[in-house]
Structure formats: C-alpha cells, structure tokens
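A short write-up of the structure that comes next.
The values are calculated or read from the model by the stated rules, or taken from the named source; none is laboratory data. Computed from a predicted model, the values in this text were never measured in an experiment. Neighbour counts run over all protein chains shown; Cβ positions are idealised from the backbone, glycine included. Ligands, DNA and RNA are stripped out before the accessible areas are found, and what is left, the full protein with its side chains, is counted by its heavy atoms. Shrake-Rupley method; radii C 1.70, N 1.55, O 1.52, S 1.80 Å.
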Amino acid sequence: GKFALRAGGRSTFWKNVKVSTSLDSFAKEFGPDRALDEEEETYFWAISPKSGDFFEVTFLDEDNKKSKAGLGHWLKRVRVQTGSKDRPGDQLEKAILKVAQWLKEDDGSGFKLRWFDLGAFSKGIEVTDPELLAGPVATIRIQATENQMKWMAMPEIEVEVAQEHPEHPTADDIGSSDTAPRPRVPGLSRSKAPLPLPGLLREAGDANRTLAGHASHAGHARHNSSSALSKLL
C-alpha cells in the first residue's frame, strides 16, 4: 500500500540525517521517516502533541561517526505543512520553526552554531521568508508551543537549496565548535528521568489532603458530641 516502507525510508536529500523527536507515532508505518520520503500521500502521524514536543532533523557529514551536526546546507526556503490529504484536520495548531545555522564569528576566527526562530505556524503551515543565507543550516526543528488533543499528520518537510551562496565553512573552520546548545524547551511534558521534586510535592499534597480529611472527621465528631450533650442537659 501507500505506506509500505521504501528502502531506507527517506529520499536522497534526507538520507544522511539524524532524526530526533519526542512525539509518539501511531505505528511504524507512520514513523518520522514518512516526513522525509518526498511522497505526498505518506505522512508522519503523531499522537496529541504536547507543549515542548519537537521533531528535529540534523544534517550529518558523510564521514560523521558521532551523530554531531555536520556542515549543513545553504537553504533558500523551508516549508512545513501539517494535515494530510485524508486527514486535513490533523494539523499542528501552535508551534514554531527553528534552525541552527553556522555563522561566522565577529573576529573571523571560525564559525559558531546558533539557533534562530524562523516563525510560527498558521493553520498548520510554516514557510520561512526571507532567504536563509546568513549561514548554512545544520538542524531544522519543529516545536509545539501548546498542548492539543487532536493528532498531527506531517506529510513532508520541504526545502529549497540555494544555488548561489557565500563560501561554505570547512571542517577546519568549525573545529571543535561542531555542537550547539540545545534550544530551550519550555513546558516539555515528558521526561525519561523525572526529577524527584514533583513526586515529593505530590506526596506532600496527598499527605495534606489526608490530614485535612482527618481534621474534618474530628470536627464532625466534636460537633456530634456537643449536640448529644446538649440534648442530655
């Protein structure tokens, strides 16, 4: 069928990328690679995105063995549309599109990887404008900014490669600065290793409710005893 996995799962352009996401896909046939196969009818289908959930694609170099950001691509345009032909309503309602770009240091000593917000989604679509020629793009990130109940279908991340651009940085130019700090993810609802504090707070809350319940019962008991004593007198 149309969701049969093709060899490698991705198109040639997206072949050598690392995909990271906190979103849960409905099934393997609707996994992240469906948004990178250049097939209009297939899509990545995620269950109810929460604030802070993300879908991230990082370009790697051919000889990159450590899954770190490579030299990237010069891009003129990035377009992300959510909602598929058979599920047009499954859109990402509130989200932003971010990129990490290699930018030349002010002193000309090398390049630094920096994050930028390109824009917010409107009716499930985000298109970057103007051109992204400040530096080659190493990572593209889609990040939800609000919780939503409905699911999200992402048919494709579309890019237009710049044919003319400034001189591309080399591996020597980026040197040891081949990683960028992760973008801040406010309100991320999932964590593989929850901090103990929320659990302690929940336990404290339960204890307070238990104490309040005991106090309430004690109050009722005192009231009933007073009523009975009044009748005897």
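What the table shows:
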item: Subset tally (residues that are open to solvent by less than 30 Å² (accessible area, probe 1.4 Å) and either at pLDDT 90 or above or part of a strand (DSSP E or B) (or both)) for the stretch 107-120; result: 3
item: Unique match (being at pLDDT 90 or above, in a loop (DSSP other than H, G, I, E, B) and open to solvent by less than 60 Å² (accessible area, probe 1.4 Å)) among S51, S20; result: S51
item: Qualifying residue in the stretch 88-100 (condition: in contact with a strand residue (DSSP E or B) (Cβ under 8 Å, 6 or more places away or on another chain) and more than 28 Å from F26 (Cβ to Cβ)); result: yes
item: Residue list for the stretch 92-106, filter: surrounded by fewer than 22 Cβ atoms within 10 Å (Cβ to Cβ) and either among the small types (G, A, S) or not in a strand (DSSP E or B) (or both); result: E93, K94, E105, D106
item: Neighbours by Cβ (under 6 Å, 6+ apart or cross-chain): first from the stretch 1-22, more than 19 Å from E158 (Cα to Cα); second aromatic (F, W, Y) and at pLDDT 90 or above; result: S22/F54
item: Odd one out for G31, checked against (1) in contact (Cβ under 8 Å) with a residue 40 or more places away in the chain; (2) touching a strand residue (DSSP E or B) at 6+ places or on another chain (Cβ under 6 Å); result: (1)
item: Residue check, E160 charged (D, E, K, R) and either modelled with pLDDT of 95 or more or more than 16 Å from the chain's Cα centre (by Cα) (or both); result: yes
item: Selected residue [modelled with pLDDT under 90 and either open to solvent by less than 30 Å² (accessible area, probe 1.4 Å) or within 16 Å of I174 (Cα to Cα) (or both)] from T128, T139; result: T128
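Condition check ((1) open to solvent by 30 Å² or more (accessible area, probe 1.4 Å); (2) modelled with pLDDT of 90 or more) across all residues:
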| site | (1), (2) |
| --- | --- |
| G9 | no, no |
| K65 | yes, no |
| G72 | no, no |
| L75 | no, yes |
